[in-house]
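Working notes for the structure below.
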Amino acid sequence: MTDDRPTGFQRARSAEQREIRKQTILEAATQLLTEMPVSDISLRELSRRVGLSKTNVVRYFETREAVFFELLNRDLARWIEELSTDLASAGAAGPASPRAVTDTLARSLARRTLLCELLSSLGSELERNISAESARDFKRAHTRLLAALAELLRRHIPALSATAARELVSLTVVCTAGLWPFAHPSPAVAEAQQDPELAATKVDFAERLGRTLHIAAIGLLDLEGRAG
């Protein structure tokens, strides 16, 4: 027999049982992401970790990418809630400056390791082996969440137009995807960066992202001021 055989679960029959099974798969994927990169996690490995056959896992998620899309959007929604609280605290003594908003955003995002890992894999890995239908389902939900994030930023930087806020959110995603891998290099690169001559190549994710988004926000506000 192969390793695809189930190892303990009984067939899920009720809606509640199916939801429990789905959450178990997501939790297993979350744990695997603490042990290895997205690229190393196959549907077979995930099914083995859960204790289900690969065929049974596919009943809940069509592909491994679908699992990670679900995780990404779930964690994005949770982060937006957390960021709302963080931004409210940043402006507790009065309106927060754009720099305070972007720094708060960057520090808050830096704490969401799972979200950053998945965002950094989105364009290069996760969106490369999916059907158009899966892409539409994911992106519809993802776009709604990013729109909510844009509205949140507008509440704290009122001078941003809706269009500029959406662009700032888009830049947040792109910059996260680009900076996260450099801020978390391989062991060999991390060792090489101990060389004093290479100190400047180290990337502090929160600091660099906050600075980049601040520059972007100021630029967007300046462009809108000129347009007005």
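A short reminder: the numbers here are calculations on the coordinates, not readings from a lab. This structure is a prediction, so every number in the text was calculated from the model and none was measured. Heads up, the Cβs are rebuilt from the backbone with ideal geometry, glycines too, and the neighbour counts pull from every protein chain shown.
Data overview
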| read-out | value |
| --- | --- |
| For the range 76-133, alpha-carbon Rg over 2.2 N^0.38 Å | 1.46 |
| Charge dipole (debye, nearest 20) of the range 141-202; +1 at Cβ of Lys and Arg, -1 at Cβ of Asp and Glu | 480 debye |
| 0 to 90° range, to nearest 10: angle between helix 132-156 axis and the chain longest Cα axis | 30 degrees |
| Helical mean residue ellipticity (222 nm; -39500 (n - 2.57) per DSSP H run of 4+; nearest 500) of the chain | -23000 deg cm²/dmol |
| Spatially proximal lysines relative to residue 139 (Cα-Cα < 30 Å; intrachain offsets below 8 disregarded) | 22, 54 |
| The chain pair-distance distribution - Cα-Cα, 5 Å bins, rounded % | 1, 6, 12, 15, 16, 14, 12, 10, 7, 4, 2, 1, 0, 0 |
| Folded to 0 to 90 degrees: helix 205-227 orientation relative to the chain principal axis, Cα | 50 degrees |
| Relative contact order (percent, whole number), the chain, Cα cutoff 8 Å, 6+ residue spacing | 21 percent |
| FRET efficiency, 1/(1 + (r/R0)^6) with R0 45 Å, evaluated for residue 111 and residue 59 via beta carbons | 0.85 |
| Packing rank of 43-55, 137-149, where each peptide gets the mean count of other beta carbons within 10 Å, highest leading | 43-55, 137-149 |
| Translational diffusion of the range 148-228, µm² s⁻¹ [Kirkwood Rh, Cα pairs; Stokes-Einstein; 20 °C; 1.002 mPa s] | 150 µm²/s |
| Per-pair calculated FRET efficiency, R0 = 30 Å: residue 215 and residue 192 via Cβ, rounded to 0.05 | 0.55 |
